[in-house]
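In what follows, a structure is listed as structure tokens, so that the remarks can point back to it.
The values are calculated or read from the model by the stated rules, or taken from the named source; none is laboratory data. What you see is a predicted model; the values in this text were computed from it and never measured. Heads up, the Cβs are rebuilt from the backbone with ideal geometry, glycines too, and the neighbour counts pull from every protein chain shown. To get the accessible areas, we keep the full protein, side chains included, count just its heavy atoms, and leave off ligands, DNA and RNA. Shrake-Rupley method; radii C 1.70, N 1.55, O 1.52, S 1.80 Å.
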Amino acid sequence: MSAIAAPPTLSIDGIAVPINGERNLLELIRKTDIDLPTFCYHSDLSVYGACRLCIVDIAGRGIQGACSTAPEPGLVVRTQTEEIREIRKISVELLLANHERECTTCSKSASCQLQDVARRLGINKVRFKAVHEPAEVDRSSPSVTRDPNKCVLCGDCVRFCSEIQGIGAIDFAHRGHDVAVLPAFGNGLGEGECINCGQCAAVCPTGALTPRQEIDEVWKALVDPTKTVVAQIAPAVRIALGELFGMQPGESTRGQMVAALKRLGFKYVYDTAFAADLTVIEESNEFLARKSKAGKLPLFTSCCPAWVKFAEQYFPELLPNLSTCKSPQQMLGALVKELLPQELGVAKKNLVMVSIMPCTAKKFEAKRPEFAHEGVAEVDHVLTTQELARMIEEAGLRFMKLQPESFDMPMGFKTGAGVIFGNSGGVSEAVLRYASEKVTGRKLTNPDIHAVRGEDGLRIVEVPVGDITLKLGIVHGLKNARTLAEKARHGNCDLDIIEVMACPGGCIGGAGQPVSRNPDIRKLRTRGLYDVDKNMELHKSQENHFVTECYQRHLGEIGGRNAHRLLHTHYQNRRRIAGESIELGDGDSAEKLCVNVCTGTTCFLKGSQHILHELLDQVEQEQLHEKVSIHASFCFEQCSHGPTVSVDGKNVPSCTPEAAKNAILQAISEKVP
Amino acid sequence: MRSKSDPECNGRKFVKIFTILEKYERNPSRLVPILQAVQEEYRYLPREVLTYVATALNISPARVFGVATFYSHFATEPRGKHVIRLCNGTACHVKDSIPILEVIRKRLKLEGKKITTDDMMFTVETVACLGACGLAPVVVVNEDVHGEMTPANGLELVEAIIAQELS
């Protein structure tokens, strides 16, 4: 018997450390329980090597970045020398010099890595003068506030947005001393492609990108005697809120959380998981109907508002594949605004619905025009987990000592199926728990469907349900979603359901959750939610008798007219960049027939430039300069029917060069009788 | 916002972008030569055109904007009819290029970050080095290189263009 060869080693601060496939020295050093400071290293992202804080001294090689050096047998590495200490200090001092050091008024204070590193390295004076001129804070996004004065140019946000979400809404612009992380053309974050997932803020080591705060608006409503304020709490909040009060990630704080909200002045506290149970029933039936009637498949889930905006921007032709179900947040909001005014005798405008979410995109979702009816929004304010913790602290509540209280009925009642919505794979599992009983007519004895659980960003699983096998795609991270959506766009996707969540691990990894540097955070929170499910009495949405009652008393038939009015929605085509059009004719177009050719992404892919080309030729050949002016426009938001050409304000959908020419000739003949 | 009847934005030129993109096979790694060719047509890089280029190359507009703003050769704002580039590389700087810049900017009423005159006649910018250090200080007016300049003959160059434009 041969002995198993011992792994090769290298020396870190005099200790021999085995190399076991670590990608870089930093990973290896961390395994020896040394937490080298760094801003720009994230294990999920590519190595950037910009912050120069994880530098080490390697014998024979000098000072190197640990993150960008491969572990090699025999290396002699030192993590602390006088020279390294000096360099690290100067690096941080230089960063601090140009950083707006208004820590006391910064919402990242206490979770700021720059603050933490400065403290750890004992920086007690900044010897350099700032050379940056103050730049304006960007508040154009409903989800994320961007303060360029606090940016340290580590590029974490840029890499997350392009590498994990596949978007690239922000990037480095300008050069040298003027370098800044900016959305395209220096526009506001709210004006472009940003899908509001907020992960840029989650990875930002400073206060340059932070979730937008709505605390003041909520306090105002709470102290206003004319208002009745109602809360709903998403599943993922309960297993993370405790982290900000010294508890372990994944530990449920449900009772204290409800008690705290009551003490803050919320009249009723409902559970978004109740609406998740509703979603399961509506969405499962929508799916089964599509499956049996050869409807549009794969069915994409629609709970994640970041994904919905992503689909609207990049995959307009797949919008019919999106479930028409509203997200649980909006379902609960719609029900509350429908039912409570009558029940409580309060005017609709005096009923304030506040949702507590792990998510920044929910702030955007609540403000979508589809979700306001006669000027009344279904959800008025969205607070993140972080904001709720702030409010609890501000009120001085001793969170851990609060007597646990329970959710208000009926909309505080849920099954485990509604709770696991917060995990990637959770929606799929909840739908399968419902669909399998519905299809087979037999009781599902063990509700756990482990096949759909997991950490990978893209999972394809097959689950037998009765006589058929359902094929599911489960993704988190929108770059993965893009992979599957591209396949669906080209018609080579044989999946039945595709569950999409934008954030790593699903909602438990949302950008509204407490900022954590614990590498196991996702695992712990995921387990926390499954444990909550395990400890509950009911695990299937169809067992939620309050949901059944809700159908009987208010909604009527599943998927029926009233259910559709309250629980379903529609989607819109969306341009990527705030729009502008270029006039291609020669000026003064007042008297002319105005022809607009869309050259936005989708129309471009469908050949709009060919149409534009042909039309310009036509104008030249037939000498129509006097009569026609041709413009290139950057999106009519009619993408699903592209390419679009508008002639004198009338759209010609699915346009061809011939159709456009005919429309122009017809319009000219109508104009000149 | 809308770029109104800008004579530089006529249809032929826009169509030219298709040709440019085809020439470079819509290859994102050829972004810089594509932008150079586009700027050749438009004299600057209009936002709409950058968005279009980004779409065609399947990269994000923010990245294209990043590249366009990295190189000082690229302009993201419309430039004047006459572009005056004054070298402020080391050689030109030590040979007093700044006073030349100052008199030209003063004559054209340009201040602070404003580099283009209101009538869109002149754009005045500095460049890091034109590689003509032997002629320092150097001023380039459109395509013509003028060496061993002084504030006085810098001003003369400007006056000559103004006179020519008025005639």
Looking only at strands (runs of 3 or more DSSP E) that lie completely in region A:37-100, which have at least 2 residues being closer than 27 Å to residue A:20 by Cβ and open to solvent by 10 Å² or more (accessible area, probe 1.4 Å)? A:62-65, A:76-78
Counting just the residues of region B:56-86 that are part of a loop (DSSP other than H, G, I, E, B), within 8 Å of chain A (Cβ to nearest Cβ) and among the small types (Gly, Ala, Ser), which one comes out most open to solvent (accessible area, probe 1.4 Å)? B:72
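Okay, residues lined up against (1) closer than 24 Å to residue A:352 by Cβ; (2) open to solvent by less than 50 Å² (accessible area, probe 1.4 Å):
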| residue | (1), (2) |
| --- | --- |
| A:218 | yes, yes |
| A:230 | yes, yes |
| A:237 | yes, yes |
| A:241 | yes, yes |
| A:263 | yes, no |
| A:272 | yes, yes |
| A:279 | yes, yes |
| A:285 | no, yes |
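Quick one: would you say residue A:628 is within 14 Å of chain B (Cβ to nearest Cβ), open to solvent by less than 10 Å² (accessible area, probe 1.4 Å) and at negative phi? Reasoning before the result, please.
Working: within 14 Å of chain B (Cβ to nearest Cβ): yes; open to solvent by less than 10 Å² (accessible area, probe 1.4 Å): yes; at negative phi: yes.
So residue A:628 fits the description; yes.
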Checking residue A:408 against (1) under 21 Å from residue A:283 (Cα atoms); (2) surrounded by 16 or more Cβ atoms within 10 Å (Cβ to Cβ); (3) out of contact with any helix residue (DSSP H, G or I) (no Cβ under 8 Å at 6 or more places or on another chain), which test does it fail? (1)
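Given the structure, is residue A:150 buried (at least 21 other Cβ atoms within 10 Å of the Cβ), more than 18 Å from the chain's Cα centre (by Cα) and among the charged types (D, E, K, R)?
On the way: buried (at least 21 other Cβ atoms within 10 Å of the Cβ): yes; more than 18 Å from the chain's Cα centre (by Cα): yes; among the charged types (D, E, K, R): yes.
Spelling it out, residue A:150 is indeed buried (at least 21 other Cβ atoms within 10 Å of the Cβ), more than 18 Å from the chain's Cα centre (by Cα) and among the charged types (D, E, K, R).
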List pairs: first residue in region A:199-212 and outside the structural domain of residue A:41 (by TED's automatic domain parsing) and within 16 Å of residue A:172 (Cα to Cα), second residue open to solvent by 10 Å² or more (accessible area, probe 1.4 Å) and among the acidic types (Asp, Glu) anywhere in the structure, Cβ distance under 7 angstrom, at least six positions apart or on different chains. A:208/A:147
Leading residue by the ranking (least open to solvent (accessible area, probe 1.4 Å)) among those in region A:456-484 that are over 19 Å from residue A:526 (Cα atoms) and part of a loop (DSSP other than H, G, I, E, B): A:466
Residue match in region A:439-455 (condition: buried (at least 20 other Cβ atoms within 10 Å of the Cβ), of a type outside the set (A, V, I, L, M, F, W, C) and either within 27 Å of residue A:537 (Cα to Cα) or free of Cβ contacts under 8 Å to residues at least 12 places away in the same chain (or both)): yes
Which residue, of A:183, A:225, A:211, A:205, is away from chain B (no Cβ under 14 Å), of a type outside the set (Val, Ile, Thr) and in contact with a Leu (Cβ under 9 Å, 6 or more places away or on another chain)? A:205
Taking residue A:153 as the residue in question, decide whether it is under 29 Å from residue A:482 (Cβ atoms) and assigned to a strand (DSSP E or B). no
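Given the options A:110, A:118, name the one that is outside the structural domain of residue A:41 (by TED's automatic domain parsing) and at positive phi.
On the way: A:118 fails: at positive phi.
Within the list A:110, A:118, the selection yields A:110.
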Sole miss for residue B:53 among (1) out of contact with any strand residue (DSSP E or B) (no Cβ under 6 Å at 6 or more places or on another chain); (2) surrounded by fewer than 19 Cβ atoms within 10 Å (Cβ to Cβ) is condition (2)
